[in-house]
Every structure is written in structure tokens, then in C-alpha cells.
Amino acid sequence: MYNALSIRFGACFGGEDLDRYAGSPRLEVARGDEPFDTVRDGVPVVEHPDAGEIVWRDDLGVTCRRWNWRQCKRTALNRDSRNLWFIVDHLPPMPIAELVRAGEELVLGLARISPGITHSIDLLEPASDE
């Protein structure tokens, strides 16, 4: 569903298993030496983002590369996932109101397929320079 919404809204959507995170998720500019566990040709491998690439990460390494486009295996959603965290990256020219609407559409869809879920929507903004 979140892949379909990504196409509909023209925004990067991603779904993560929050229980598999080490520390808090954060958006950073990669140094280029951070580990990123993925699969290539059906075989698990560890890659590294390009220096200067925008990545989501936690204390163990990169969880999504190229904003929210390529996800690692460690935090990927599966049948056992219970605490889901969805990210919608905001990039111009998408207005903030459309970003919020995209999040609301995601919650509505999740509630339809999983009645009784609890949820929250938070807008994360860059830290101030102060």
C-alpha cells in the first residue's frame, strides 16, 4: 500500500520495523563508510552509501539509502513486525499540506486492513542551528 501511495503522491514512502532499530532513527548526510545490509543477486551483502548521500540510519548503520528509496534487510517489515514506522520524505515542490495528507491516507489504508491499530503522525523538522 505504501508503495502505491508513493507513486500517487510522488513522494518517497518507506516502512520500517521499529523494534529492529538500535537507537533513534535519523536523517543524515553519509560519510560513505556506514554499513548498509542488503541483498544483491539473492545473496546478503554489506554495501556503503556514497559520501554525501542522504540516508536514514540508526546506531548500527544505514537503514535506507537515497532518502527513503533503498531499504536495508535488518529493519524491513515482515509478518512478525508489530511496531511499524512509516516515513514519507518531503522534497520540493511538495507542499507540507500534501505531505500531511499523504500520511493521513496511509493511516486510513492501514486502519482498513488492520482494524484497531493505534497510530500517531509526527512532522519531523530539521534541528535549528542554535
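Counting the residues of the range 36-60 that are under 21 Å from D89 (Cα atoms), of a type in the set (A, V, I, L, M) and touching a Phe, Trp or Tyr at 6+ places or on another chain (Cβ under 9 Å) gives 2.
Listed here are the residues, each with its yes/no results for (1) more than 21 Å from G10 (Cβ to Cβ); (2) surrounded by 14 or more Cβ atoms within 10 Å (Cβ to Cβ); (3) of a type outside the set (S, T, N, Q).
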residue	(1), (2), (3)
T63	yes, yes, no
Q71	no, yes, no
D80	yes, no, yes
L84	yes, yes, yes
D89	no, yes, yes
M94	no, yes, yes
E105	no, yes, yes
P115	yes, no, yes
E125	no, no, yes
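Could you check the range 22-47 and list, in sequence order, the residues that are part of a loop (DSSP other than H, G, I, E, B), over 12 Å from the mean Cα position of the chain (by Cα), surrounded by 14 or more Cβ atoms within 10 Å (Cβ to Cβ) and of a type outside the set (D, E)? Reasoning before the result, please.
So the first thing to find is which residues in the range 22-47 are part of a loop (DSSP other than H, G, I, E, B), and the list is 22-25, 30-35, 41-42.
Those left that are additionally over 12 Å from the mean Cα position of the chain (by Cα): 22-24, 30-35, 41-42.
If we keep only those that are surrounded by 14 or more Cβ atoms within 10 Å (Cβ to Cβ) as well, we get 30, 34-35.
Passing the criteria: A30, P35.
Under the condition of being among the charged types (D, E, K, R) and closer than 22 Å to N83 by Cβ, which residue from the range 1-21 is surrounded by the most Cβ atoms within 10 Å (Cβ to Cβ)?
So the first thing to find is which residues in the range 1-21 are among the charged types (D, E, K, R), and the list is 8, 16-17, 19-20.
After this cut, where a residue has to be closer than 22 Å to N83 by Cβ as well, the list is 16-17, 19-20.
Values: E16: 25, D17: 18, D19: 12, R20: 18.
That would be E16.
Each reported figure results from applying straightforward, stated rules to the coordinates on display, with no laboratory input. These figures come from a predicted structure and were not determined experimentally. Glycine also receives a Cβ, built like all others from the backbone with ideal geometry; neighbour counts cover every protein chain displayed.
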